[in-house]
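One structure is given here, and the rest of the page talks about it.
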Amino acid sequence: MSLKKDTGIVLHAKVFSDSDVIFTLLGESQAKARYVVKGIKKSKRRPILACEQGSQIRIDYYHHLHREVYNIKELHLINRFEVAKKGYDGFLLVSYLCDLVQAFLPDGDVYQRCYKILHAAFSYLQAEQYLPILLPFFKVRLLAEIGLISQEFFCHSCGIPVLEMAEPAVHLEAWNFEITCSNCNAPPNNHIHILHLLDILFQSKYKTLLTHPVPLPVIIELDRALNTYIQAYLNRHIKSHALLYQTLGNSYELYR
């Protein structure tokens, strides 16, 4: 047994035995893992908000080999991201982003880049810099980081780089993100605008997108394609998906 420290973001939490909480932490330097805090609901010293989904915390914990859940010695709340969570829709969005990360990243490995992606998204929400493009931007960065989608756009049949075609016409199959160019098969719908937006999301920082608006219909079309891919890959919907998109409506706006 050894005493270790980490900073991370709570992805999921569950209360049990009346006063104990078990939560999953996406660590900044240690592996994604589950932890138990005993008696926290009755504690006057330990903040219960530190166990809230989407909170950034610092922990001291006892590391045991071959254990799946580690005991917390101390924990401190760094940032609850209370502005990001303001209102029902804000809390839903934070929950949805946590649920996405929780669904894709198995416990036991270190995901420093994914931690930075999630922390950056919460920081922009905390600064009230939400735009509808944040949803596809976050998903594209996360899926690319874990190797599920490529930053290069080649026809899966002939292998040509489709963005370099003189008059590109392509079809993007949403469930597997395969691209087919018009030389191989005439596309029922030309999705070149989606690929151009994907390329922008790969090449640009989010703060750049704040001053370079993208048409909302293109954002929504890409986001729906990503949702189709995510559902097909996971073989299920993200837990908070339906509630979030029902709340956002067709405008993808947060009404705070």
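Conditions (1) within 28 Å of S251 (Cα to Cα); (2) touching a Ser or Thr at 6+ places or on another chain (Cβ under 8 Å), marked per residue:
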| position | (1), (2) |
| --- | --- |
| L118 | yes, no |
| E128 | yes, no |
| P132 | yes, yes |
| F138 | yes, no |
| E152 | no, no |
| C155 | no, yes |
| A166 | no, no |
Inset, instruction - Taking Y88 as meeting all but one of (1) at pLDDT 95 or above; (2) in a helix (DSSP H, G or I); (3) open to solvent by 70 Å² or more (accessible area, probe 1.4 Å); (4) not polar (S, T, N, Q), write down the number of the exception. - result: (1)
Inset, instruction - Keeping to the range 53-84, report how many residues are outside any strand (DSSP E or B), in contact (Cβ under 8 Å) with a residue 60 or more places away in the chain and under 26 Å from the mean Cα position of the chain (by Cα). - result: 1
Legend entry - Any chance Y62 is closer than 29 Å to A127 by Cβ and aromatic (F, W, Y): no
Legend entry - Identity of the residue in the range 14-41, of a type in the set (A, V, I, L, M), at pLDDT 95 or above and crowded, with 20+ Cβ neighbours inside 10 Å, that ends up farthest from N71 (Cα to Cα): L26
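So, in the range 119-168, how many residues would count as being in contact with a strand residue (DSSP E or B) (Cβ under 8 Å, 6 or more places away or on another chain) and among the charged types (D, E, K, R)?
Residues that pass the stated criteria total 1.
Residues being in a helix (DSSP H, G or I) and in contact (Cβ under 8 Å) with a residue 60 or more places away in the chain: count how many of those fall in the range 134-159.
Total satisfying the criteria: 8.
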Inset, instruction - Filter the range 118-142 for residues that are closer than 19 Å to F177 by Cβ and within 10 Å of the chain's Cα centre (by Cα) and give the result. - result: L135, P136, F137, F138, K139, V140, R141, L142
Legend entry - Evaluation of A186 against (1) part of a loop (DSSP other than H, G, I, E, B); (2) in contact with a His (Cβ under 9 Å, 6 or more places away or on another chain); (3) surrounded by 13 or more Cβ atoms within 10 Å (Cβ to Cβ) (one fails), failing number: (3)
Inset, instruction - Can you confirm whether the range 171-180 contains a residue that is open to solvent by 20 Å² or more (accessible area, probe 1.4 Å), within 30 Å of V110 (Cα to Cα) and in a helix (DSSP H, G or I)? - result: no
Inset, instruction - Assess whether P168 counts as being without any contact (Cβ under 8 Å) to a residue 60 or more places away in the chain, farther than 29 Å from P106 by Cα and open to solvent by 40 Å² or more (accessible area, probe 1.4 Å). - result: no
Inset, instruction - May I ask you to list the residues in the range 219-240 that are part of a helix (DSSP H, G or I) and open to solvent by 30 Å² or more (accessible area, probe 1.4 Å)? - result: E221, R224, T228, Q231, A232, Y233, L234
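The values are calculated or read from the model by the stated rules, or taken from the named source; none is laboratory data. Just so it is clear, the model here is predicted, and its values are computed rather than measured. Positions of Cβ are backbone-derived with ideal geometry, glycine not excepted, and every protein chain shown enters the neighbour counts. Just the protein is used for accessible areas: all its heavy atoms, side chains included, with ligands, DNA and RNA removed. Shrake-Rupley method; radii C 1.70, N 1.55, O 1.52, S 1.80 Å.
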